[in-house]
Number of protein chains: 2
Amino acid sequence: MSKPLYRQVADTLRAEIAGGVFGPGDDLPSERELRERFDASRNTVRQGLQLLVSEGLLNSSQGRAYQVRSHEVFVLNASKFENLQFSQREDGDSYDNEVLHSGRQPHQEFRVEMVKVTQEIAERLKVTPGEQGVLRFCRRFVDDTPWSTQATHYPKWLVDAHPRLAEPDDIEEGSTRYLADRGLEQIGYHDELMTRMPTPEEASELQIGPGVPVLIWIRTGFSADKPVRCTRTTFRGDLNHITYDLGDLRAHATGGDLH
Amino acid sequence: MSKPLYRQVADTLRAEIAGGVFGPGDDLPSERELRERFDASRNTVRQGLQLLVSEGLLNSSQGRAYQVRSHEVFVLNASKFENLQFSQREDGDSYDNEVLHSGRQPHQEFRVEMVKVTQEIAERLKVTPGEQGVLRFCRRFVDDTPWSTQATHYPKWLVDAHPRLAEPDDIEEGSTRYLADRGLEQIGYHDELMTRMPTPEEASELQIGPGVPVLIWIRTGFSADKPVRCTRTTFRGDLNHITYDLGDLRAHATGGDLH
DNA sequence: CTATACAACTTGTCCCGACAAGCGGGGCAA
DNA sequence: TTGCCCCGCTTGTCGGGACAAGTTGTATAG
């Protein structure tokens, strides 16, 4: 009734990581050394290490020792929705600003396409699946490591009325303000949050290995009478938290990011 | 420059699952059959299957064939915070009601303890770490499968004033209302959302295997001048989504769960 | 001093074998 | 009919070996 050997290896190393024997960024002993220490075959040691990798505790890559992962988390406050297009250059506490404040270097890839909207998007925008729509896509980096991807879809009727949405340039004042200035204010949002392991495509886009889930945030923006956009953001789950402030919190300084 | 064999196995099977060759709940061919099909050793086939397990696509257990996982998702609307203690028997669209509406059978384990509050909780309740506090713990099931665990912490000063919080009984009217009736209305919430792979403890509490992340929801409730409780809910990420409605959505029927 | 090449490490991939442990069906016995 | 055991299937665990491929430091050649 004793635990499997590979599990003992994993449990021991996990405890040592938690106990600080190996800190974030440290190298673990090599497979050969662990093999001698636990008197196990290489396969068994690897099985134990693989378990820790899939728990998100370790990184591994060919030629280099196993490394203890270090988490550095950015917090996105989703209820400050005035400056939702958080990549823009406006002031206020946007996402970029938080990044810059920590001394890191953010940048982004940007792309605009005409696409047929998927089922997922169509039912949120209340249009028929397969209809044309505009996709404004953005992949964000911090110090050259991918952080999140964001895909905003606009329905065809909206793009026809406001064609600048389909142009491949970044919109200076932010697309939310662009629309608001033209009489299409978003008065409410419906947010959905979910998590799962990344698909292989997501894993390569965000450069995440096994053991790191993605956090998906789908925001549908509504005007007075209908949905006007749907933004789907895919975060690396190990690098991002999301917060909401509800009700009356004026009296409290909720600031001070944890961790 | 060809892909590793185990990866070809995984990619092929993943595509077949996505294409509907194997539907949710279906058994995959056995390792022996896959070994013949791909002309690979058992270890290689297992490595490919293991990858799909860690992506959350497959279940495996000793003695039974690999099974395609089926997702059935419950949605929790976190901005309807009047009936936050969503396990209570009140009417309105509580969590239980959604479960019951789908014809499933929910139940829960309940427990009350005096504990020393952890660092994590203490900084949210603005008390000193290690101070005594009351923990009201709840683990929820649907049809006997664990769904989530919830730990609500109350600071000592609050429990001293309202001792029923420390009693091991379920509070009939819900603890939120109990406090509100006694003049301690919660006027705002600060929510934090994050995801990661489960610790071994969480994995066993929620009966989740590799490839399923947890979704963690930490809600700090505020009275007019200070935090009064901190609730940390750990969801199985494959079974739960969280939604928020922000702004003015009266005109829109956001109902109709997706999926 | 610099650049290249090599050597000695690391992990990745793949094969083989063996036995343990769990599940389910068929057949036998009560 | 009902209950039990056994057999044949499944996956889980553990060992061995071999070579490929990536990384890093050192020694050498220019």
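Return the sequence-ordered ³J(HN,Hα) values of region A:204-218 in whole Hz as given by the Karplus equation 6.51 cos²θ - 1.76 cosθ + 1.60 applied to θ = phi - 60°, using x for Gly and Pro.
Computed from phi, the couplings for region A:204-218 are 7, 5, 9, 6, 10, x, x, x, 10, x, 9, 10, 10, 10, 10 Hz.
Report the percentage of all Cα-Cα pairs in chain A whose separation exceeds 30 Å, rounded to a whole percent.
41 percent
Skipping prolines and chain starts, which residues have an amide H placed within reach, meaning under 5 Å, of the one on A:HIS241, given they are 5 or more residues away or on another chain?
For A:HIS241, whose amide H was placed from the backbone, the distant partners under 5 Å are A:PHE74, A:VAL75, A:LEU76.
Considering Cα pairs under 8 angstrom that are at least six residues apart, work out the relative contact order of region A:5-68 and quote it in whole percent.
Relative CO of region A:5-68 lands at 44 percent.
Listing B:SER79, B:SER204 from the residue with the fewest other Cβ atoms within 10 Å to the one with the most, what is the order? Mind showing how you got there, number by number?
On the way: B:SER79 18, B:SER204 11.
Ordered by Cβ neighbours within 10 Å, fewest first: B:SER204, B:SER79.
Quote the Stokes-Einstein diffusion coefficient, in whole µm² s⁻¹, for region B:5-68, based on the Kirkwood radius over alpha carbon pairs, a temperature of 37 °C and a viscosity of 0.692 mPa s.
286 µm²/s
State, to one decimal in nm, how far the label point of A:ALA161 lies from the label point of A:ASP143, with both points 7 Å from Cα in the Cβ direction.
4.5 nm
Considering every residue in A:211-223, what mean count of other chain Cβ atoms within 10 Å of its Cβ is obtained? Before the final figure, lay out the partial values.
Numbers: counts 6, 4, 10, 2, 7, 2, 2, 3, 2, 3, 2, 8, 2.
Mean shielding by partner chains, rounded to a whole number: 4.
Which is farthest toward the positive dipole end of the protein assembly as shown among A:ALA180, A:SER148, A:ALA10, measuring Cα position about the Cα centre, with Cβ charges +1 (Lys, Arg) and -1 (Asp, Glu)?
Checked the options; the winner is A:ALA10.
Which residue, A:GLN119, A:GLN50, A:GLN186, tops the fluctuation ranking in a GNM of chain A built on C-alpha contacts under 10 Å?
Highest fluctuation of the listed residues: A:GLN119.
Using only Cα positions of the protein assembly as shown, each an equal point scatterer, no hydration layer, compute I(q)/I(0) via Debye at q = 0.06, 0.07 Å⁻¹ and quote the log10 values to two decimals.
-0.32, -0.44
Neighbouring Cβ atoms within 10 Å as the yardstick, rank A:LEU215, B:LEU34 fewest first.
Fewest-to-most Cβ neighbours within 10 Å comes out as B:LEU34, A:LEU215.
I want the antiparallel fraction of DSSP beta bridges within the protein assembly as shown, as a percent rounded to 5.
Numbers: 108 of 116 bridges.
Bridges in the protein assembly as shown that DSSP calls antiparallel: roughly 95 percent.
At 7 angstrom along the Cα-to-beta-carbon line, where would the label on B:ARG42 sit relative to the other copies? Give the distances in nm, shortest first.
2.1
When chain A is modelled as a GNM with alpha-carbon springs shorter than 10 Å, which of A:ARG32, A:ARG124, A:ARG104 fluctuates the most?
Highest fluctuation among the options: A:ARG32.
What is the average number of partner chain Cβ atoms found within 10 Å of a Cβ in B:183-189?
Shielding by partners across B:183-189 averages 3.
Under the Karplus relation 6.51 cos²θ - 1.76 cosθ + 1.60, θ = phi - 60°, what is the ordered set of whole-Hz ³J(HN,Hα) values for region A:117-128, x standing for Gly and Pro?
Rounded to whole hertz, the list is 6, 6, 3, 3, 6, 4, 6, 7, 8, 6, 10, 7.
Distances from A:VAL115 to the same position in the other copies: list them in nm, one decimal, shortest first, using label points 7 Å from Cα along Cα→Cβ.
Nearest to farthest, the other copies are at 4.2 nm.
Report the residue, chosen from B:TYR244, B:TYR178, B:TYR189, that carries the largest GNM mean-square fluctuation when chain B is represented by alpha-carbon nodes joined by springs under 10 Å.
The residue that fluctuates most here is B:TYR244.
Shortest first, in nm, what separates the label point of B:GLU167 from those of the same position in the other copies (7 Å along Cα→Cβ)?
6.9
Treat the count of other C-beta atoms within 10 Å as a stand-in for reagent exposure and order A:ASP39, B:ASP26 from fewest to most.
Exposure proxy ranking, most exposed first: A:ASP39, B:ASP26.
Can you tell me the convex hull volume per residue for region B:156-235, based on C-alpha atoms, in Å³ to the nearest whole number?
So the per-residue Cα hull volume is 118 Å³.
Please find the FRET efficiency linking A:GLN207 to A:PHE110, where r is the Cβ-Cβ separation and R0 is fixed at 22 Å, and quote it to the nearest 0.05.
In this case the efficiency is close to 0.75.
Quick one: which residues, 5+ away or cross-chain, put their amide H under 5 Å from the amide H of B:SER223? H built at 1.01 Å from N.
Residues meeting the amide H criterion: B:ILE187, B:VAL228.
Taking R0 as 35 Å, what's the FRET efficiency between B:ASP181 and B:HIS71 from their Cβ-Cβ distance, rounded to 0.05?
That pair, B:ASP181 with B:HIS71, gives E of 0.30.
Within chain B, what is the number of lysine pairs with alpha carbons under 26 Å apart, leaving out pairs fewer than eight places apart on the same chain? Present the calculation step by step, with values, prior to reporting the outcome.
Numbers: B:LYS80/B:LYS126; B:LYS80/B:LYS226; B:LYS116/B:LYS126; B:LYS116/B:LYS156; B:LYS116/B:LYS226; B:LYS126/B:LYS156; B:LYS126/B:LYS226; B:LYS156/B:LYS226.
Value for chain B: 8.
When only Cα pairs under 8 Å and 6 or more residues apart are kept, what is the percent relative contact order across chain B?
18 percent
As a check on your grasp of the helix formula, calculate [θ] at 222 nm for chain B: sum -39500 (n - 2.57) over DSSP H runs of n ≥ 4, divide by the residue count, round to the nearest 500. Intermediate values should be presented prior to the final figure.
On the way: 8 runs with 68 residues, N = 259.
After summing the helix terms and dividing by residue count, I get -7000 deg cm²/dmol.
Just so you know, all these numbers are worked out from the coordinates, no wet-lab data involved. This one's a predicted model, so the numbers in the text were calculated from it and none came from an experiment. With ideal geometry, Cβ positions are generated from the backbone for all residues, glycine too; neighbour counts draw on all protein chains shown.
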